[in-house]
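This report concerns only the one structure given below.
The values are calculated or read from the model by the stated rules, or taken from the named source; none is laboratory data. Predicted model, so just to flag it, every value in this text is computed and none were measured. In this analysis, Cβ positions are derived from the backbone assuming ideal geometry, glycine residues included, and neighbour counts consider all displayed protein chains. For accessibility, only protein heavy atoms count, side chains too; no ligands or nucleic acids. Shrake-Rupley method; radii C 1.70, N 1.55, O 1.52, S 1.80 Å.
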Amino acid sequence: MRWVLFLVVLFAGLWVTPPAADAAPEGGRVAFIGVPGLLWDDLDPRDTPRMWELAGQSALGSLSVKAVGTVTCPYDGWLSVSAGVRQAVSRRCGLPPEPIAQGAGAVVPEVPELRATTNGMYAGALGGAVHAAGHCTAAVGRGAAVALADQQGRVDLYASEPAGLSDWSRCRVLAVDVAALVQPYLEDGRLPQEPEAISPEQRRELVRQADAEVGAALDRLPADTEVVLAGIGDHGSVPHLRAVLWRRAGTDAVTGEAGPSIGAGSTMRDDLVVLPDITPTLLGAAGITPPSGVVGVPWRLGDPVTPADLVRADVAGTSVRGMTGWFFTAYAILQVAFYVGAYLLLSKRRRLGLVGTVAVVPACVPVATYAVNVLPWDRSPYPVATLIGAVLAMTATIAAVALVGPWRRDPLGPPAAVTAITAAVLVADLLTGTTLQFNSLMGYTAVVGGRFYGLANIPFALLVTSVLMCSAIAAQHLVRAGRRRAAVAGVVVSGVVAMLLAGWPGVGSDFGGVIAFVPGIAVTALLVAGRKVSLLKLAGFCVLGGVAVSVIAVLDHLRPPAAQTHLGRFVGMVLDGTFLPMIARKLGAMLNTLLSPNLMPIVMAGLIFLIFAVLRPGKVSAGVVPLAFERLPMLRAGLLGALASGVVGMLVNDSGTAVLSMVVALAVPLVLHAGVRLPELAGQEEEPPGDAVGERVATKI
């Protein structure tokens, strides 16, 4: 039990509460200025003097405007601020509706209607909380009215433009809609289907108009007003990170230079926040407690950041997003081409050494996509070309290390090197804030907005595969030395450590990963121990994984709300009965990826090759794979354990096929490499496929 105590001590040290949000002033006044479509690249001293001046008085950050769809129209953005939860109206929506004047205020009749829908059920939370606290709301513009309307759609003071609002100091919470930048983009009242529908010169003119409207609002605000300005929506078919500024007492910066960054517990990033975070931040500034349904968390200040840094963050995110589809297509073609070539050569027993060498290369590509982020490729004037070149160079470097190191003489040496490097890179990334997975081709980006920290589904697949196969390779040597119990312990300890890193809040924070990790560890350990695995045992281990992640999530929920990750917040959603829409979205995403044209070929080609290599070794692999399983049984244990985790992970994660495809992409080529390097095959090249080795293995099968 000593290793169990070690794990408890290790992860108790990782249970560090993130910095709490800065205390909000009591009874303060706050104004929210929304400028849909605003980028950091739009701001400069010449064209946007008022916003540039405001930036010099503010904390700075990037805003992920992801709501429900790929892009977020202004209506969705304002609605999400109203709800404190990601909300959406419909696909390709446009501006919010015009409210109906009612005395000095107005009513947005669509709000009660939206509350009856799945994607609008939390509308009115912001305005309702202000009214419940005994304060009034003031809105300028249709989007502002949506943001501050209560559950009945009521806003206390309303004007369609700044000049129409006579009293800017009456209400504690005020919002202003500046739609000048995004409105000319709309086609038939909806976002366009092209990335950039107008010329750069036209956009500069629109930016100047928006700056003038922002200035008109700033001139009317009382001097002690806290100001939040954000680009709360997209302007075309391609999502971007948007500008966000936060002016509050004591937050001064040098104009155009570094200022405090804006971060939040929702992203675990110092310079990045999400739409739902705006709601509790505004309420906190007004001294009002957010309602329980709000999932966003208040902003906090971080290390200094410059506008240029935030421009590069958007460039990195959009570059990776734009390349992801092409990259996975190319990787799928590479994998399929490798299996076809390997089949042709192996079936004729030719160039086995070449097959083994080439097999290592595709297995090195995934870890290269993360390791490349130690390089400043996003600072290049040609970031996409630089990124692809850097990934290729990193792949070649890792493959060379695996193939020419002193371990190259052992058939298991290069596979051990590749899996050890992959596991080490991912574990180091988890322990240092996941800066390598962030904005990586096989990771995630804030532009997409699906995940902002922790272990994503594809990296999970690579982590579980590399850990189980590396520990199985080590077990092979221990079993040969007569130390089977040590081999089993090594698999269990390394697997449990990796599993806890994958699921621990603030480290991996991967809900489905824990569920899928447990059966993989169990299958590998049982096979290493010489035991049989049944479907009943496998189902039991899946249940155990569910129990483990539930315990972790409940522990996270017991922490203060500002310190919780999405694991703890999910427990809160279960307790208040609001979790079903999120489950439905994740289930839909999983089903949509099951037949992914980029990922399914990797799964099909790898599994077909593996299955037929065992069933018909003389035709498909000339006995290489079954001979590897015969001579290296622990390698088979690691492969089957990884496949078990891959299948379970495919079913419990919203990435679906992506999980299993990466397990296959990493594991199967390395098994093939080990097989062709066995001594029994040395000197067997150029012989017909029905030779003694192939026939002997086929007979055993």
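List of remarks:
- Beta carbons closer than 9 Å, at least 6 apart along the sequence or on distinct chains, pair a first residue in the range 597-616 that is among the basic types (Lys, Arg) with a second that is not in a helix (DSSP H, G or I) for Arg616/Ile701.
- Of the criteria (1) modelled with pLDDT of 50 or more; (2) touching a helix residue (DSSP H, G or I) at 6+ places or on another chain (Cβ under 9 Å); (3) of a type outside the set (Lys, Arg); (4) surrounded by fewer than 24 Cβ atoms within 10 Å (Cβ to Cβ), which one Trp15 fails: (1)
- Filtered residue count, the range 137-165, keeping only those that are farther than 22 Å from Val178 by Cβ and open to solvent by 10 Å² or more (accessible area, probe 1.4 Å): 3
- Some residue of the range 443-453 being buried (at least 24 other Cβ atoms within 10 Å of the Cβ), touching a residue at least 24 places away in the same chain (Cβ under 8 Å) and closer than 20 Å to Leu526 by Cβ: no
- Of the residues examined, Val358 is not one that is over 21 Å from Thr465 (Cβ atoms) and either at pLDDT below 95 or not small (Gly, Ala, Ser) (or both).
- Test: Leu575 is modelled with pLDDT of 85 or more, part of a helix (DSSP H, G or I), more than 20 Å from the chain's Cα centre (by Cα) and among the aliphatic types (A, V, I, L, M): no
- Residues in the range 170-224 that are farther than 19 Å from Leu79 by Cβ, buried (at least 17 other Cβ atoms within 10 Å of the Cβ), under 31 Å from the mean Cα position of the chain (by Cα) and charged (D, E, K, R): Arg203 only.
- When the test is whether a residue is assigned to a helix (DSSP H, G or I) and either without any contact (Cβ under 8 Å) to a residue 12 or more places away in the chain or within 24 Å of Met662 (Cβ to Cβ) (or both), Leu544 passes it.
- A single member of Thr465, Thr422, Thr397 is under 30 Å from Leu241 (Cβ atoms) and not in a loop (DSSP other than H, G, I, E, B), and it is Thr422.
- Set Ile333, Ile388: member being open to solvent by 50 Å² or more (accessible area, probe 1.4 Å), out of contact with any Gly (no Cβ under 9 Å at 6 or more places or on another chain) and at pLDDT below 95: Ile333
- Residues in the range 665-679 that are open to solvent by 10 Å² or more (accessible area, probe 1.4 Å) and assigned to a helix (DSSP H, G or I): Val676, Pro679.
- Annotation: of all residues in the range 345-385 being free of Cβ contacts under 8 Å to residues at least 12 places away in the same chain and under 21 Å from Pro411 (Cβ atoms), the one that is surrounded by the most Cβ atoms within 10 Å (Cβ to Cβ) is Leu345.
- Within the range 115-136, considering residues that are assigned to a loop (DSSP other than H, G, I, E, B) and farther than 10 Å from Ala83 by Cβ, the one most open to solvent (accessible area, probe 1.4 Å): Ala116
- Taken as a whole, the condition of being among the β-branched types (Val, Ile, Thr), over 15 Å from Leu639 (Cα atoms) and open to solvent by less than 10 Å² (accessible area, probe 1.4 Å) applies to Val514.
- Subset of the range 398-433 (residues that are within 28 Å of the chain's Cα centre (by Cα) and free of Cβ contacts under 8 Å to residues at least 24 places away in the same chain): Ala417, Ala424, Ala428, Thr432
- Complete set of residues in the range 63-111 that are open to solvent by 50 Å² or more (accessible area, probe 1.4 Å), touching a residue at least 40 places away in the same chain (Cβ under 8 Å) and on the phi > 0 side of the Ramachandran plot: Arg92
- Residue within the range 234-242 that is charged (D, E, K, R), open to solvent by 20 Å² or more (accessible area, probe 1.4 Å) and either in contact with a helix residue (DSSP H, G or I) (Cβ under 9 Å, 6 or more places away or on another chain) or closer than 25 Å to Thr318 by Cβ (or both) present: no
- Within the range 151-173, the set of residues being part of a helix (DSSP H, G or I) and within 16 Å of Thr225 (Cβ to Cβ) comprises Pro162 only.
- Condition check for Val647: open to solvent by 10 Å² or more (accessible area, probe 1.4 Å), assigned to a helix (DSSP H, G or I), in contact (Cβ under 8 Å) with a residue 12 or more places away in the chain and more than 16 Å from Arg480 (Cα to Cα): yes
- Test: residue in the range 29-51 that is of a type in the set (Val, Ile, Thr) and either open to solvent by 10 Å² or more (accessible area, probe 1.4 Å) or in a helix (DSSP H, G or I) (or both): no
- Test for Ser266: is it within 29 Å of the chain's Cα centre (by Cα), at pLDDT below 95 and farther than 30 Å from His131 by Cα: no
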